[in-house]
Amino acid sequence: NGRYIALQLQSNDPTAIADTRAAVLVLDAATGETVRTLQTTGLVLGQVLTDSDLVVQTAQDYVPAGSGTLSVAPLDEPEAKPSTLRTDQWLMGSTAHSLLLSPDGLSGLCSDSCTSTTITETTVDGESLATIPAVYRVLEGGRVERYTDPAAANDAAAAASSPNPAWAATNREVLDIKAGTTTDITGFAATPLALPD
């Protein structure tokens, strides 16, 4: 909802991942006041905000498989102990009320020939809500870019040229997960925008 900003502060430079300590601060965007602080151990792999929670993913390795943990800290109870969930998936983003998890870490930096994966939308309690296939980029505000014809996109991506006109012509769309609406972006590149809601 644009009310909060989350910042990760690295507190030391350890020799072992298990010794890594960090703090994640949530600030009120209007006043700059600290809303919540969450201390973490292990490597921080990602963090997201929903309208009501800060969620931080940590692990004892550079991937979540085997030791990935989601710490869920409610923003309206700054002193409440965060709940934790185990997951081997990557925390990729969020909507206003849910998390977006993926078995593959998407870089979000590809300009063409992007590989895709299936995103799982879950509650902050870990309940699966939906699966979204053929996603190649997670955008802010609960939106994703995905292929509408994954087989054709895979064939085009196999043509390793840059720029890749075949990939640019593949059928693609932006999906607003909460609203369920799509926008056709075939032949275009979507530019992430900072929106107030």
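Pick out, from segment 22-102, the strands (runs of 3 or more DSSP E) lying fully within it that include 3 or more residues that are surrounded by 15 or more Cβ atoms within 10 Å (Cβ to Cβ).
34-41, 43-49, 53-59, 69-74, 90-94, 99-102
Residue-level check: of (1) within 18 Å of LEU9 (Cα to Cα); (2) without any contact (Cβ under 8 Å) to a residue 24 or more places away in the chain, VAL72 misses just (2).
What residue, among those in segment 164-183 that are out of contact with any Ser or Thr (no Cβ under 8 Å at 6 or more places or on another chain) and farther than 20 Å from ASN1 by Cβ, is modelled with the lowest pLDDT? Across segment 164-183, the extreme among qualifying residues is PRO165.
Conditions tested, residue by residue: (1) farther than 21 Å from VAL138 by Cα; (2) not polar (S, T, N, Q).
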{"position": "LEU25", "(1), (2)": "yes, yes"}
{"position": "THR37", "(1), (2)": "yes, no"}
{"position": "THR41", "(1), (2)": "yes, no"}
{"position": "GLY93", "(1), (2)": "no, yes"}
{"position": "SER98", "(1), (2)": "no, no"}
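The values are calculated or read from the model by the stated rules, or taken from the named source; none is laboratory data. Note that the structure is predicted; figures quoted are calculated from it, not measured. Here Cβ is always computed from backbone atoms with ideal geometry, including for glycine, and neighbour counts include all displayed protein chains.
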